[in-house]
1. How many of the residues making up the stretch B:70-102 are touching a residue at least 40 places away in the same chain (Cβ under 8 Å) and either closer than 10 Å to B:ALA298 by Cα or part of a loop (DSSP other than H, G, I, E, B) (or both)?
2. Would you check if there is a residue in the stretch A:15-31 being part of a loop (DSSP other than H, G, I, E, B), of a type outside the set (A, V, I, L, M) and either in contact with a Lys or Arg (Cβ under 9 Å, 6 or more places away or on another chain) or more than 16 Å from B:VAL165 (Cβ to Cβ) (or both)?
3. When you check A:ASP39 against the structure, is it surrounded by fewer than 20 Cβ atoms within 10 Å (Cβ to Cβ), charged (D, E, K, R), more than 9 Å from chain B (Cβ to nearest Cβ) and touching a residue at least 60 places away in the same chain (Cβ under 8 Å), yes or no?
4. Can you confirm whether B:VAL192 is closer than 30 Å to B:PRO160 by Cβ, crowded, with 20+ Cβ neighbours inside 10 Å, assigned by TED's automatic domain parsing to the domain that holds B:ILE138 and touching a residue at least 24 places away in the same chain (Cβ under 8 Å)?
5. A:SER223 - would you say it is more than 10 Å from chain B (Cβ to nearest Cβ) and either buried (at least 21 other Cβ atoms within 10 Å of the Cβ) or at pLDDT below 95 (or both)?
6. In the stretch B:169-188, which residue that is assigned to a helix (DSSP H, G or I) and modelled with pLDDT of 90 or more is farthest from B:PRO114 (Cα to Cα)?
7. Could you check the stretch B:73-126 and list, in sequence order, the residues that are closer than 24 Å to B:ILE237 by Cβ and either of a type in the set (A, V, I, L, M, F, W, C) or touching a Lys or Arg at 6+ places or on another chain (Cβ under 7 Å) (or both)?
8. Within the stretch A:94-113, is even one residue basic (Lys, Arg), modelled with pLDDT of 90 or more and farther than 30 Å from B:MET217 by Cβ?
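The values are calculated or read from the model by the stated rules, or taken from the named source; none is laboratory data. This structure is a prediction, so every number in the text was calculated from the model and none was measured. A quick note on method: Cβ atoms are made from the backbone with ideal geometry, for glycine too, and the neighbour counts reach across all protein chains shown.
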Amino acid sequence: MAYRLFGTFTKYLVLGVFALLVLYPLLLIVSTSLKDPLDVTADPFTLFSSFNPINFLDAWTLGGFAGFFWNTVIITGLTLAGVVAFSVLAGYALARFSFPGKNVVFLAFILGLMIPFFSVMIPLFYELKALNLLGTKAAVILPAMAGVTGFGIPLGVFLMRSFFLDLPEDLADAARVDGCGELGVFWRVMLPLSAPGVAVLAVLTFFQTWNVFILPLLYMPGSENQTLATGLYLFASGRTAETELAAAGSLIMVLPVVIFFLIFQRQFVKGLTAGAFK
Amino acid sequence: MQRDGTQSSTTIDLDLDPQPNGGQKGGRRRGTTHKSQQTRLAILFLIPALAVYLAFMVYPFFSTVYLSLTNWNGVAEAKDFVGFSNYGKMFGDGDVLKAFANNVIWVVLGTVVPVVIGLVLSILIWSGVRGSLFFRTIFFLPFVLPLVVVGLVWQWIYHPLYGVVNKALDGVGLDGVSRAWLGEPGTALYAVLIAAIWATFGFVVMILLAALQNVDMSTVEAATIDGANWFQRTWHIILPQIAPVLTMVTSITLVGGFSVFDIIFVMTSGGPGTSSEVLATYTYRAAFNQNLAGYGSALAMLITLLSFVAAVSFVFLRERQR
């Protein structure tokens, strides 16, 4: 593209400055996570002044980040599986079956995309308490699946429905002629074709659930099910918080996110723009 | 894209009956059976998603509406119906007014700044640079980071003694300016806001870059030949073509601004005092520290209403301008 809007120098200067502004905090996490404890007390935030990778081991064991990590993996995994499975089923029904009340059901799901978390926060606490779920992993998984902090089933139904609507009906008809019932059409023809749509939904749900803070903060108070988000927060705001271990813990939380993002950037952007452009 | 009713009603269904024990045996060849089979399957397919959604989203939403009309304290058996008095109480609550004012600052600056930065950067990238993939990825990266980590690392950046901000100020002889950015009432909100802008502008870049792919280059070239300068080209040729997406991204940021919680809670908890309190952090405190479930619910309804009004009025204003 030969379209010149600004001088080349100004252009790269602006982009470069912003790239540095983005990169500095990231480097600060990496640098601090590698600091020698003695170095931290003297000067914690000078970049890369010492190298002490044992911090990661200490954060993992002494800091308790191993537990936070596995709790987060389990919660994210189950939420992701639930959102994908339930959204595929519901999205398929709304796209491909005809039945009374279809539009009402779809509209009900879509409204969920507009409800801010705070308008369900308080009763949800007492509901989970009454169900004896407070403090358990289900207290994060079920609300996260319902989409109280965004995405979840409402977005999943929306995405999967539009995905299934775009699949050609000829395929289904061909399968029916070959003797497939409606369930067979879904299971053998449509479901295998839905992989790209499922990938987009799974990637969005992963980021959302891995990072979510307020759900474990509110609904798993003081429990042993702390996730990386709340575990890190409690660790860093604790009285004896070692900065270098907090940094190592941050990196333990961030690394999967960054790796996933670099691998699945396309699906991520696709999901967000699909949600945004429609 | 309605595809209903396009299924052939003469299709012979030889496969599994989803409800083997159900009625309708022997009528499988009829179109009505086909329809009712679809209805039954649809119900089965919808039940799991609907159950979770109704139980953990719809039900608590209506409970909030109800609770906001009571003076429930979260413990007592009785929930006394008090009408709209919680809503009346909000207008006399100084902390709410302070939180509301902070929220307005947050929504305005937290929307305008990322959108302007995002617009400039996306047009720069779009106009053709080397390493566009690098810049795009880097700018978007903060958006996927957990806000807990963003808050933590910015606390280090603002650290009164060791943080890079104060060190840089001291370094250039502005040590009079350096301060505890998160600890002083005058700067706490803005310091957190800068961290939040850092974490969100990449979202705008990404969305606008996608929109810019659809800009008709020939119109830009024609304007260039006609002697339009870069500002005129941007303002008159490019912006109108991406206006719908710009509206959309602005309203998304706008709506999110009224629900901001994580980053403020992590960095200042609304403090010092109430200097960086917003409606969400105040609602949290009212509901869970002071056990004012009824009053907290009314505050939650206020947040919902504000985000809704903000989004609708923005889209409305935009539409009217056309």
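1. Within the stretch B:70-102, residues that are touching a residue at least 40 places away in the same chain (Cβ under 8 Å) and either closer than 10 Å to B:ALA298 by Cα or part of a loop (DSSP other than H, G, I, E, B) (or both) number 12.
2. no
3. It is false that A:ASP39 is surrounded by fewer than 20 Cβ atoms within 10 Å (Cβ to Cβ), charged (D, E, K, R), more than 9 Å from chain B (Cβ to nearest Cβ) and touching a residue at least 60 places away in the same chain (Cβ under 8 Å).
4. So B:VAL192 fits the description; yes.
5. Yes; evaluated as a whole, the condition is true for this residue.
6. Residue satisfying both the conditions and the ranking: B:LEU169.
7. Correct list: B:VAL112, B:VAL115, B:VAL116, B:ILE117, B:LEU119, B:VAL120, B:LEU121, B:ILE123, B:LEU124, B:ILE125, B:TRP126.
8. Within the stretch A:94-113, one or more residues are basic (Lys, Arg), modelled with pLDDT of 90 or more and farther than 30 Å from B:MET217 by Cβ.
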